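Take a look at the structure set out below.
All of the numbers you see were taken from the coordinates with simple rules; none came from a lab. Since this is a predicted model, take the numbers as computed values, not measurements. Cβ atoms come from the backbone with ideal geometry, glycine included; neighbour counts cover every protein chain shown.
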Amino acid sequence: MYTKQEIVEEAKKLGKMMAETEQVEFFKKAEAKIHENKDVREGMASLKSLQKQSVNFQNYGKERAYQMTEDKIKKIQDELDEMPIVEQFKDSQRQMNELLQLVSHAISRTVTEEVITSTGGDLLMGETGAAMRNRPNQDPEEL
């Protein structure tokens with residue numbers, strides 16, 4: 001039996017391992033390039049300012065100004081998205097998220113399988129032993 005603290009410690013070790021993967025290295029490099037790029041920094045600053053304006057225009061019911069601001073936001077976002085450096089950054093984010101999802105899914109699947117097998121359940125049916133024992137009698141042809 002493991003304690004919650006022991007599991008958290010192991011999770012921290014896993015986190016450190018994950019931080020030393022190709023995906024995370026690629027993300028760190030892409031992020032550094034993004035912050036070094038003047039065009040990206042200026043575009044992001046413009047976006048932030050326009051987004052604040054957009055919220056204010058919307059809150060005050062200034063529909064025309066709101067729509068014009070939203071159009072400007074879309075234009076800047078499109079310009080940023082077309083930049084190879086931004087594409088690389090987004091790709092690195094996707095790869096990192098895929099790794100996190102893969103690990104999360106593996107943990108979840110393993111816990112579920114362990115619960116099922118430790119209770120004498122059926123992995124193929126996805127039922128624990130308790131669920132199988134408490135199931136109403138069924139005709140074997142229905143299974």
Legend entry - Mean residue ellipticity (222 nm) of the chain, computed from DSSP H runs ≥ 4 via -39,500 (n - 2.57), nearest 500: -26500 deg cm²/dmol
Inset, instruction - Go through (1) 25.4, 76; (2) 25.3, 71; (3) 14.8, 53 and flag the label whose value is the computed Rg and Dmax of the Cα atoms in Å for this structure. - result: (2)
Inset, instruction - Name the lysines eligible as straight-distance cross-link partners of Lys74: C-alpha to C-alpha under 19 Å, and not fewer than 8 places from it in the same chain. - result: Lys48, Lys52, Lys62, Lys90
Legend entry - Cα-centred dipole magnitude for the chain, charges only on beta-carbon of K, R (+1) and D, E (-1), debye, nearest 20: 920
Legend entry - Farthest toward positive dipole pole in the stretch 38-82 [+1 Lys/Arg, -1 Asp/Glu at C-beta], among Val55, Ile73, Ala45: Val55
Inset, instruction - Rounded to the nearest 10 degrees, what's the angle between the helix 22-36 long axis and the longest principal axis of the chain, both from Cα atoms, 0 to 90? - result: 20
